[in-house]
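J.: Sharing a structure here in structure tokens format.
The values are calculated or read from the model by the stated rules, or taken from the named source; none is laboratory data. None of these values were measured; they are calculated from a predicted model. With ideal geometry, Cβ positions are generated from the backbone for all residues, glycine too; neighbour counts draw on all protein chains shown.
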Ligand code: NAD
């Protein structure tokens, strides 16, 4: 399990309310803990109640405030009901981290089934849309910050052949975020995208990679595909620091942009 952030004096997000999707593990969990340690009350949305309860307990154990919201992000009514519940509990919404996602099936196009394509797009792309659609009216009341978790795949890296549905879902998230950055600017809602490279989480458990050997490009990368670390992946906590920056007023003039957090991996391994 990832190391816990020390509880710090909650100042930056004190009195604010954040919704984090996919908050039960990996990047979402680290971000939820980090936002809570900066003073935010956090709505933990995901589909594994046990995991969410554990994160909620960790937050409450450090004098933070959290609410468990069980929902499948690909089910609009469930996401809408969860977001409404969070709003009625805390009376406001300031930050949304749309992070829930799966790798899904990675396979050659002749093998990738329409149902598999649809499931990845349902969770990653429609799930992001449902989250932001459910939250937008609340965010517009006072202004706020949306952070979408995309990936290097589909934005700056295209060499993971077979990840067609995943990369398309991630590229779609970037377009959605940029459209909304313009639409929501008049209401002082900022919208940004983070694009992580290799981060050590359990996302591989949600990956079904099939028969990729024959479609992989024959490219030899230098040892250590992540230049900054010599190949070592980043940590969820490093990503959480970026989420906190984008959630807080420290990034008050940033909107409509993507930020790659990958130790320069995608510049080498495009
Ligand atoms: P993870 O598997 O630990 O986290 C994903 C979370 O999303 C899990 O808690 C899972 O339960 C939840 N989730 C999945 N489908 C859901 C659904 N339908 N409804 C509600 N919740 C759902 O993996 P992670 O690496 O922390 O992934 C988080 C995000 O980061 C994903 O969007 C992923 O694409 C992105 N990302 C990860 C990496 C990496 O290397 N780990 C790199 C780039 C982008």
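J.: Working carefully through the options 203, 215, 194, find the one that is in contact (Cβ under 8 Å) with a residue 40 or more places away in the chain and near the ligand (Cβ under 7 Å from one of its atoms).
T.: 203
J.: Hey, another quick one. Any residue at all in segment 112-129 that is without any contact (Cβ under 8 Å) to a residue 40 or more places away in the chain, within 11 Å of the ligand (Cβ to nearest atom) and either outside any helix (DSSP H, G or I) or within 23 Å of residue 190 (Cβ to Cβ) (or both)?
T.: no
J.: How about segment 58-76: which of its residues are assigned to a loop (DSSP other than H, G, I, E, B) and out of contact with any helix residue (DSSP H, G or I) (no Cβ under 8 Å at 6 or more places or on another chain)?
T.: Of everything in segment 58-76, those that are assigned to a loop (DSSP other than H, G, I, E, B) and out of contact with any helix residue (DSSP H, G or I) (no Cβ under 8 Å at 6 or more places or on another chain) turn out to be 61, 63.
J.: How many of the residues making up segment 155-181 are over 23 Å from residue 72 (Cα atoms) and either more than 10 Å from the ligand (Cβ to nearest atom) or in a helix (DSSP H, G or I) (or both)?
T.: The number of residues fulfilling the criteria is 9.
J.: From the list 79, 55, exactly one residue is assigned to a helix (DSSP H, G or I) and near the ligand (Cβ under 9 Å from one of its atoms). Which is it?
T.: 79
J.: Could you grab me the full set of residues in segment 55-87 that are surrounded by fewer than 16 Cβ atoms within 10 Å (Cβ to Cβ) and either modelled with pLDDT under 95 or farther than 21 Å from residue 126 by Cβ (or both)?
T.: Hits for segment 55-87 are 57, 60, 61, 63.
J.: Let me ask another. Do you know which residues across segment 2-24 are surrounded by fewer than 23 Cβ atoms within 10 Å (Cβ to Cβ) and modelled with pLDDT of 95 or more?
T.: Within segment 2-24, 14, 15 meet the criteria.
J.: Restricting attention to segment 88-111, which residues are in a helix (DSSP H, G or I), surrounded by fewer than 16 Cβ atoms within 10 Å (Cβ to Cβ) and in contact with a strand residue (DSSP E or B) (Cβ under 9 Å, 6 or more places away or on another chain)?
T.: 89 - this is the single residue of segment 88-111 that is in a helix (DSSP H, G or I), surrounded by fewer than 16 Cβ atoms within 10 Å (Cβ to Cβ) and in contact with a strand residue (DSSP E or B) (Cβ under 9 Å, 6 or more places away or on another chain).
J.: Can I ask one more? When residues of segment 137-175 are filtered for being buried (at least 20 other Cβ atoms within 10 Å of the Cβ) and under 14 Å from the mean Cα position of the chain (by Cα), how many remain?
T.: 13
J.: Just give me the residues in segment 12-52 being touching a residue at least 60 places away in the same chain (Cβ under 8 Å), at positive phi and outside any helix (DSSP H, G or I), in sequence order.
T.: 22
J.: Which residue out of 204, 208 is part of a helix (DSSP H, G or I) and exposed (fewer than 14 other Cβ atoms within 10 Å of the Cβ)?
T.: So the residue among 204, 208 that is part of a helix (DSSP H, G or I) and exposed (fewer than 14 other Cβ atoms within 10 Å of the Cβ) is 204.
J.: Might you let me know whether segment 251-259 holds any residue that is part of a strand (DSSP E or B) and surrounded by fewer than 20 Cβ atoms within 10 Å (Cβ to Cβ)?
T.: yes
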